[in-house]
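Read-outs: derived from the displayed coordinates by stated rules, not from any lab. These figures come from a predicted structure and were not determined experimentally. Heads up, the Cβs are rebuilt from the backbone with ideal geometry, glycines too, and the neighbour counts pull from every protein chain shown.
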Amino acid sequence: MTKQAEIQQIEVQNSNNIGSKKAEETHAAESHSEKQPTAIEASTEKAKDGKCWANLVAGNTFAARGMGLSFVAPVIQNGEKIVELQQDEIEKETEKWKMEVILYVVGDTPSIGAIERFIASQWNFVSRPKVYYHNDGFFVVNFRNVEERNEVLYSGSCTINNKPIITKAWTTDFDFNEEVLKTLPLWVKLPNLPLNCWGMDSLSRIGSGLGIPVYVDECTTKVERISYARILVEIDITKPLPTRILVKDLSGKQFEQPFTYDWKPMYCNNCLQLGHNCQVKQTQ
Ligand SMILES: [Zn+2]
């Protein structure tokens, strides 16, 4: 066999291997679902001639269930490539994520199964959401609509195996390490709040002295109890939690409004972590 013939022989073998492998994979993909071939499945047909590596890679069974992408030329600015995101594309995706809740268990990372069982027993007033796990140690819970998401967010604090659960609405600039560990929504009680301060405006004003007020509980809205108002406020937990605030009434007189918390998170300024405090341990 001449050198040239040898090379041709190898090329034929390779392309046969690829071809039969593709056939197996396509078959495997078909046995998983009876769907029409997707764009990528169709494009793997071209891969049999062994010319396009992108198509070879795309041809595996996992990718075959994904979706085809297309090339969008980046912009060049000062000699550097810049990818410019488009408003309508991002808004479409943001809409989907509006129903998401970030869920974090302080001091523990339970399994998805444990979280699903918790949701089924504690949040049985909403339809069963889908739960995702993020490698940074938190979960994303996907509710059917914003109403159900809010019902859960405002349902009060929960624990799993005696560990507090933190729930937060997903936002466009969400960064787990920046946000969840440093700013938390906490239920705050305002004991003996003068009854003429129970309006939403005044509660917002007082809550703003603590952080970003988010919600007021149903009993407070309907004034079903009058010994304390209860509001949910996003508070910076890297600093000591305020226990009171000065309020100036209409006559110009000041009074001290105390705060109490349903749950006080521990934050360690040494380790920059939630769930313990090295300094407290040392002094105990
Ligand atoms: Zn520490």
(request) Taking the Cβ of Ser155 as the centre, find all other residues whose Cβ is under 14 Å away and add up their charges (Lys, Arg: +1; Asp, Glu: -1). (result) -3
(request) Normalising by the residue count of segment 199-284, find the relative contact order in percent from Cα pairs under 8 Å and 6+ residues apart. (result) 18
(request) Based on other C-beta atoms within 10 Å, arrange Phe118, Phe176, Phe143, Phe125 from fewest to most. (result) Phe125, Phe176, Phe118, Phe143
(request) Assuming 1.306 mPa s and 10 °C, estimate D for segment 93-169 with Stokes-Einstein, Rh taken as the Kirkwood radius over Cα pairs, in µm²/s. (result) 127
(request) Within the set of other residues whose C-beta is less than 14 Å from the C-beta of Tyr133, count the net charge using Lys and Arg as +1 and Asp and Glu as -1. (result) -3
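Per the Cauchy relation, a quarter of the hull surface: what is the mean projected area of the convex hull of the alpha carbons in segment 122-211, in nm²?
On the way: hull surface 31.8 nm².
Directional mean of the projected Cα hull area for segment 122-211 stands at 7.9 nm².
For Asp262, what is the net charge nearby, where nearby means another residue's Cβ is under 9 Å from its Cβ and Lys, Arg count +1, Asp, Glu -1?
Residues close to Asp262 contribute a combined charge of +3.
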(request) Hey, could you get me the Stokes-Einstein D for segment 183-261, Kirkwood radius over alpha-carbon pairs, 37 °C and 0.692 mPa s, rounded to whole µm² s⁻¹? (result) 260
